[in-house]
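None of the figures in this text is laboratory data; all of them are computed from the coordinates on show. Remember, predicted model here, so these are calculated numbers, not experimental data. Note: ideal-geometry Cβ built from the backbone for every residue, glycine included; neighbour counts use all protein chains shown.
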Amino acid sequence: MKTKTINKVIKAKLNEWLETITDEELRKDVKNNLLVSGGAIASMLLKEDVNDYDVYIQDMDVLVRLAQYYSPGAKTVLDGRLRLDYLSKEYLDIDHNNPICPSTGEKYVAEKYVMISNLKENQVKLRIGGAGMRIKQEEGTKYLPIFFSQNAISLQDDIQIVLRFNGNPEQIHKTFDFIHATNYFTFEDNLVLNKEALESLITKNLVYQGSLYPLTSIIRMKKFISRHWTINAGEILKIMFQISELNLRNIEVLEEQLIGVDVAYFALLIEALRSVESSSITPSFINNLIDKIFNEYED
């Protein structure tokens, strides 16, 4: 697909979504701060179908307002630096290393859903029974929220508002694992392409640029390989070396590493591991547990 066409398609999609935001001031701020990047642009450049459009918001305050727009009444905290500004007095006594909802007394659970900063820059901690919250899709409606997860708010009609990261293009792309997804669109700059990303797309060769979540990157490789992408041994070694520095026996670390994999069986795995002592988490134990859980699901 040509650059001019990609610009036209993305603009039309975003403008259609923005028109459904009834708060005019918020709509304007979102339009001025949004950035589309990731798989959608890569798919269009390769003339493939787009699964969804990942929308990032550059300004944290605008992101918080947008999250609250789609979840009125929820206590929403997306940035540790601002958490006290956004939390009501009811939540000020939360121990952010071990958050307990004062309304229910349950760990990580709120009456609707609560996003709690995990004290890492621009990241979100969201727990609703470990996985997320799905809302039934209504016929004849457009761009209503249908799923809340610790990563994003998913809307009808293939718009996904990314909650976990914000910032300018450079800051956002530092969180990406593979370079081919780093082309982006804004209303100010239109489509912005970079040479390394285009080379990766043309050759369908995965190039790893480092990630906060290398475990997720290994799992994501499977998807690309099934689509006839290639990756050389050196790129795999880069990922494996990063993984080697992680303590995956620490359940919090393991859960954090699986944050980008929104599938039910990983949530089940985490919940199962929480019920055992860390000293019991051996390779043999993990193998048996994974076999038991994963064999219940279609691949």
Could you put Thr203, Thr22, Thr216 in order, starting from the residue whose Cβ has the fewest other Cβ atoms within 10 Å?
Thr22, Thr203, Thr216
Of Lys174/Lys238; Lys11/Lys142; Lys204/Lys292, pairs whose Cα-Cα distance is over 26 Å:
Lys204/Lys292
Is there a pair in Lys47/Lys223; Lys13/Lys222; Lys4/Lys222; Lys31/Lys223 whose C-alpha atoms are over 25 Å apart, and which pairs would that be?
Lys13/Lys222; Lys4/Lys222; Lys31/Lys223
What's the extension gain from Tyr70 to Val50 if we count 0.36 nm per residue and subtract their Cα-Cα distance?
4.9 nm
What order do you get for Ile159, Ile293, Ile202 when you list them from fewest to most C-beta neighbours inside 10 Å?
Ile202, Ile293, Ile159
What's the exposure ranking of Trp229, Trp17, going from fewest to most Cβ atoms within 10 Å?
Trp229, Trp17
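What length, rounded to one decimal in nm, is gained on full extension from Phe224 through to Glu277, with 0.36 nm per residue of separation minus their alpha-carbon distance? Walk me through the intermediate numbers first.
On the way: separation 53, 0.36 × 53 = 19.08 nm, distance 3.54 nm.
Full extension from Phe224 to Glu277 adds 15.5 nm.
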